[in-house]
Amino acid sequence: MSKHRFRRLFHLAPRDRVEIESDLRDEIDAHVSLAADALVRRGVDPDTALKQARTRFGDFDATMRTLAASARHREGRMQRREWLDVIRQDLRYAFRQLRQSPGFTAAVVITLALGIGANAVMFGIVDRLLLSPPPHVRDAESLVRIQQVTQWLGRDEAAGPVMGWLTYRDFATVPSFSSVAAFGFPRDMSLGRGPDATSIKVNAASASFFPLLGVRPELGRFFLEDEDQPPTGTPVAVLSYGFWRRRFAGNADVLGTKLLIGNQVYTVVGVTPEGFTGVDLKAVDVWLPMTALNYASMPNYVNDRGSMWLMTVASLAPGASREVAAEQALAAYVRGYESTKTLHATKRIEFTSVIAARGPGNHNDARVAAWLLGVAGTVLLIACANVATLLIARALQRQQEIAVRLALGISRGRLLIQTVTDSFLLALLGAGAALLTAHFAGGMLQAWLLPDLASEGGFLNHRVIAIVIGAILVTGCLTALGPVLQTRRVDLSAALKAGGRTNSGGRSRARTALLVLQAALSVMLLVGSGLFVRSLRNAESMRLGMDTERLILAEINFSGTLDFPQRSEFWNTALTRIKNIPGVEHATLTAGTPFWLSIAGLFRVPGVDSLPRLETGGPYVHGVGSDYFSTLGARILRGRAFDDVDSRSAQRVIVINETMAHLIFPDRDPIGVCAGIFRRDSIPCATIIGVVEDVRRSGVVEGQTMQYYLPLDQWIGPHAPAMIVRATSDDAASVATTVRRELQRVRPDMPFPNVRPYAEIIDPQFRAWKLGAVMFTLFGALAFLVAIVGLYGLLAYSVAQRRFEFGIRVALGAQASHIVRIVMVHGFAAMATGLMLGLALAALAGRWTEPLLFEVGSRDVTVYFAVAAVVLLATAIAALVPSRRAARTDPMEALRAE
Amino acid sequence: MPNDPVPLLKGTLDLLVLKTLSWGAMHGFAISSWLEQHSEGTVGVDDSALYQALHRLEERGYIDAEWGITGNNRRARYYKLTTAGRRHLRAETATWVRYTTAVTSILAIATRPT
């Protein structure tokens, strides 16, 4: 469109550069002519007069230039003012319209608030996990996490960030790093003793950790290098901000307080700023120097190259390249191993980012969050489609008004601007409501969806706000699309004449298209819902080998408090006491506990050269009390379980699990075979007396694992047992509290006993499916409901529009069923198209869902069928009322209404 | 010679134009003739300067312009004073009078004051 017509469209004064200059020229010419006229009146001849007048005027060109410039400047200002006026007018008009129909406004704002709010919340979570650097870490981009890539013979490469103390010291010698620090995983430790003891989350950090991250203390200071010297370190502690507020009410004189953590007293020297959780995002209450914590739990850690429990983070020296640093790190690592003459399988050293979920081991959380973002995006699309439909409906109602305005001379362009302003205003209101909801609900949702993550720090940051603004723009454009396309086709005379009716067909194609879109998207969500629900049910109905909803795990860290004989005495006393608590059906002690601690064992059988190599490693050994299997609820498949006769002095016996029986003894009965399970050949072999079903070792979803059991009394060497309690009912939580209190009464000086129902320990493993199931079902059902209501509205409108036509049909003798069929077909056509489209989209997107599902294919036929059935049934119900109303059209009334 | 045109001081042209228009709408040439006439030839307006002043005043919103037809059936652009222009004229006139009175009184002192 030429600039000229563009201006005309918006009824703006058509003045461009050429016109301005021609106007000026006209003006000056007029002046000169008038001056010439005056001279002619005084008697000068016309030609001379003209020449004189021109010369008198002065410098023509210079004048033109100055005047033209100032005229252009003026024009620009005027145009801008006009634009602002237009927009202001439209906003006022839009506001008035919205106020006049509060129901409509409320419906739209709520729909948009849901769509935009969901996106804001989900993005906030994704931002936390994938985009934001850890709080209070300065310059996160320049830090790297070190991980080793190992490859054992015959297996694939595996990368892992966990390493041992000596490896960390090796890396600290690498010249390309300006600083290296080590930190651990937060774990529960006991604070205090006896009845007042509580459990806190403790993490270890080297003295170089805090300076490396560039974090400043809120109060006091962090660890000094002197305080982190091997082997013992100095017992000082740094509190987290949240813990400081909760436990010490933010009191500034907390410095110097002594805390009994585990079995060592630590002195508080500082507090970290609010929101700081180190490099990972898991909540921490107290930071302890790495050497001090190591010494407390593993006094021999300085020589131990086998144990791995810490992670390292480093900063590169200025000018150092990553490749060189990686090579140097590998060289240092290999040098360290050379002296010990033990095997290692590290091929190379890799660096990963310090930003949370880009780091190792957090893929599940990140994937879940990314998925939720996709769901939220879909919901926003549905919300936009819905709002666009409502806006079209409103535009249709105002057809006559619009026609009158067009006839009175408003330009279509103005109408366009108005529609768009309308939509953007709604989007803005929706976003405002969304931000409010997100602010309040966001924190709650984050705590529920990703409970491991520390929830300190605000939820709304500038990135989330940017997303909301983006959402407003997208929403505004999308929702305006429908009505705008509609206004272009308004046929003036027909609209004025018909007084509300548009084309004779009465079918609003735009509305139908939007309905199909909504149906397709909600079908997609419903399919997702079905898949995740099935996954969840499959996962929950898996046989774990133990009745987790009734079991409770009790474990206590006695290191440094009691020696091994004292511990045995403690547990035996405790066992008797616990068994007598009402509500407890069984209790047993075990060394090596499901979902808690695995101990690798030996297994040699004559005639079998080597054990099969499994991905899960093994075989793993458990030392168990006599009623272990009945406590767990694990079935004995062959032979028998242990009984009281199998005590210390009797013959050595073991029970193997199903996998071992299947893999090692495929074609003979394992019962009676004598297996060597001890390192010392002098100890006789143990007879296999039974085969038990597979019990999960550490994961709900786990490959085959080889495990075997022997009586705790026959266990050689020291052991740190835990207790498993079986409750009589499914209410394991309250029994757990009783058990804990009872344990605390056994000795007055004991650390905090960690007693938890197994359900609590295992639940996080189901989280991904639970999340998917809940989110998809919630949003899918909502979206589908909205689509069905939209269908009803569309059909009702269509029937009302076609009253005349139906009246004639009835008058001409059409059957009621025939008319019903017409309307039904209309409804089904739309929904069926949406259904097909949605199923196709779901099948395409299925590729990405596969890894998140459990034992369900992403194109599971049952789910697809179920969704199709639901959609068709709902369509039938929604179409019922309008179609029957159509069938009952009274021909006389319909004809008369024309 | 008493009636030779005197070059105008800066800023006074705007004031004169506003005053000229205070009696009604005029086009550029008419303003120029009027000023010459009523100052008995003392004020000689440079036409290009006049048009620059007119456009300047129009930009500031003191005058409005539109095309019209003169008595001789010629097309010309007519300028008229706006409300803001009237206000500005009153204010500037008062300032001018004060200024010139002060200057004149000092220049009129014949003997050196003690």
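Give me the residue from region B:80-114 that is among the hydroxyl-bearing types (S, T, Y), open to solvent by 100 Å² or more (accessible area, probe 1.4 Å) and over 28 Å from B:G28 (Cβ atoms) and, out of that set, farthest from the chain's Cα centre (by Cα). I'd like the intermediate steps shown before the answer.
Taking region B:80-114 and keeping what is among the hydroxyl-bearing types (S, T, Y), we get B:82-83, B:93, B:95, B:99-101, B:104-105, B:111, B:114.
Next, only the ones that are open to solvent by 100 Å² or more (accessible area, probe 1.4 Å) stay: B:83, B:99, B:111, B:114.
Cutting the leftovers down to over 28 Å from B:G28 (Cβ atoms) gives us B:111, B:114.
Values: B:T111: 35, B:T114: 39 Å.
Applying the filter and picking the extreme gives B:T114.
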Residue count, region B:53-76, condition in a helix (DSSP H, G or I), more than 10 Å from chain A (Cβ to nearest Cβ) and either open to solvent by 30 Å² or more (accessible area, probe 1.4 Å) or at pLDDT below 80 (or both), comes to 0
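Quick check: anything in region A:782-803 open to solvent by 40 Å² or more (accessible area, probe 1.4 Å), among the polar types (S, T, N, Q) and within 44 Å of the chain's Cα centre (by Cα)?
Applying the first criterion (open to solvent by 40 Å² or more (accessible area, probe 1.4 Å)) to region A:782-803 yields A:782, A:785-786, A:789, A:792, A:797, A:800, A:803.
The next check asks that each one be among the polar types (S, T, N, Q); those that pass are none.
No, region A:782-803 contains no residue that is open to solvent by 40 Å² or more (accessible area, probe 1.4 Å), among the polar types (S, T, N, Q) and within 44 Å of the chain's Cα centre (by Cα).
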For A:S682: the one exception among (1) at pLDDT 90 or above; (2) open to solvent by 60 Å² or more (accessible area, probe 1.4 Å); (3) of a type outside the set (D, E, K, R)
(1)
For region A:694-733, enumerate the residues that are free of Cβ contacts under 8 Å to residues at least 60 places away in the same chain and more than 31 Å from the chain's Cα centre (by Cα).
A:I716, A:G717
Just to be sure I understand, how many residues within region A:597-616 are open to solvent by less than 80 Å² (accessible area, probe 1.4 Å) and not small (G, A, S)?
10
Name the one entry in A:E585, A:E540, A:E569 that is open to solvent by 30 Å² or more (accessible area, probe 1.4 Å) and closer than 20 Å to A:D713 by Cβ.
A:E569
Within region A:690-706, is there a residue that is open to solvent by 10 Å² or more (accessible area, probe 1.4 Å) and not in a loop (DSSP other than H, G, I, E, B)?
no
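Among the residues of region B:103-113, is any of a type in the set (S, T, Y), outside any helix (DSSP H, G or I) and without any contact (Cβ under 8 Å) to a residue 12 or more places away in the chain?
Among the residues of region B:103-113, at least one is of a type in the set (S, T, Y), outside any helix (DSSP H, G or I) and without any contact (Cβ under 8 Å) to a residue 12 or more places away in the chain, which makes the answer yes.
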Among (1) in contact (Cβ under 8 Å) with a residue 60 or more places away in the chain; (2) surrounded by fewer than 17 Cβ atoms within 10 Å (Cβ to Cβ); (3) among the charged types (D, E, K, R), where does A:R405 come up short?
(1)
Condition first: polar (S, T, N, Q), surrounded by fewer than 17 Cβ atoms within 10 Å (Cβ to Cβ) and either within 14 Å of chain B (Cβ to nearest Cβ) or part of a helix (DSSP H, G or I) (or both). Can you find one or more residues in region A:81-98 that meet it?
yes
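Looking at region A:258-299, which of its residues are of a type in the set (V, I, T) and surrounded by 15 or more Cβ atoms within 10 Å (Cβ to Cβ)? Show your work before the answer.
Of region A:258-299, the ones of a type in the set (V, I, T) are A:261, A:265, A:267-269, A:271-272, A:277, A:279, A:284, A:286, A:291.
Correct list: A:I261, A:V268, A:V269, A:V271, A:T272, A:T277, A:V279, A:V284, A:V286, A:T291.
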Answer residue from region A:38-80, given it is out of contact with any Pro (no Cβ under 7 Å at 6 or more places or on another chain) and among the β-branched types (V, I, T) and is farthest from the other protein chains (Cβ to nearest Cβ) among those
A:T48
Note: among A:V162, A:V180, just one is hydrophobic (A, V, I, L, M, F, W, C) and open to solvent by 20 Å² or more (accessible area, probe 1.4 Å), namely A:V162
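Each row is one residue, and each column tells you yes or no for (1) open to solvent by 20 Å² or more (accessible area, probe 1.4 Å); (2) facing chain A (nearest Cβ under 10 Å); (3) of a type in the set (F, W, Y); (4) in a loop (DSSP other than H, G, I, E, B).
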residue: B:V17; (1), (2), (3), (4): no, no, no, no
residue: B:W23; (1), (2), (3), (4): yes, no, yes, yes
residue: B:A30; (1), (2), (3), (4): yes, yes, no, no
residue: B:Q37; (1), (2), (3), (4): yes, no, no, no
residue: B:E40; (1), (2), (3), (4): yes, no, no, yes
residue: B:Y78; (1), (2), (3), (4): yes, no, yes, no
Of all residues in region A:520-568, how many are of a type in the set (D, E, K, R) and in a helix (DSSP H, G or I)?
6
Among helices (runs of 4 or more DSSP H) entirely within region A:239-356, at least 1 residues that are over 30 Å from A:G194 (Cα atoms) and touching a helix residue (DSSP H, G or I) at 6+ places or on another chain (Cβ under 9 Å) occur in A:322-340
So how many residues does region A:870-898 have that are assigned to a helix (DSSP H, G or I), loosely packed, with under 14 Cβ neighbours inside 10 Å and charged (D, E, K, R)?
2
Since A:V265 meets every condition but one in (1) within 28 Å of A:V137 (Cβ to Cβ); (2) in contact (Cβ under 8 Å) with a residue 12 or more places away in the chain, which condition does it not meet?
(1)
Hey, does region A:621-641 have a residue that's more than 25 Å from A:S729 (Cα to Cα) and at pLDDT below 85?
no
Is there a residue in region A:187-206 that is farther than 30 Å from A:D749 by Cβ and out of contact with any Gly (no Cβ under 6 Å at 6 or more places or on another chain)?
yes
Note: among A:A62, A:A106, A:A71, A:A120, just one is at pLDDT 80 or above and assigned to a helix (DSSP H, G or I), namely A:A106
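Return yes or no: is B:L50 within 13 Å of chain A (Cβ to nearest Cβ), touching a helix residue (DSSP H, G or I) at 6+ places or on another chain (Cβ under 9 Å) and under 30 Å from A:T55 (Cα atoms)?
On the way: within 13 Å of chain A (Cβ to nearest Cβ): yes; touching a helix residue (DSSP H, G or I) at 6+ places or on another chain (Cβ under 9 Å): yes; under 30 Å from A:T55 (Cα atoms): yes.
For B:L50, the condition - within 13 Å of chain A (Cβ to nearest Cβ), touching a helix residue (DSSP H, G or I) at 6+ places or on another chain (Cβ under 9 Å) and under 30 Å from A:T55 (Cα atoms) - is met.
The values are calculated or read from the model by the stated rules, or taken from the named source; none is laboratory data. The model shown is predicted, which means the values in this text are computed figures rather than measured ones. Backbone-built Cβ (ideal geometry, glycine too); neighbour counts: all protein chains shown. Just so you know, the surface numbers come from the protein's heavy atoms only, side chains and all, with ligands and any DNA or RNA stripped out. Shrake-Rupley method; radii C 1.70, N 1.55, O 1.52, S 1.80 Å.
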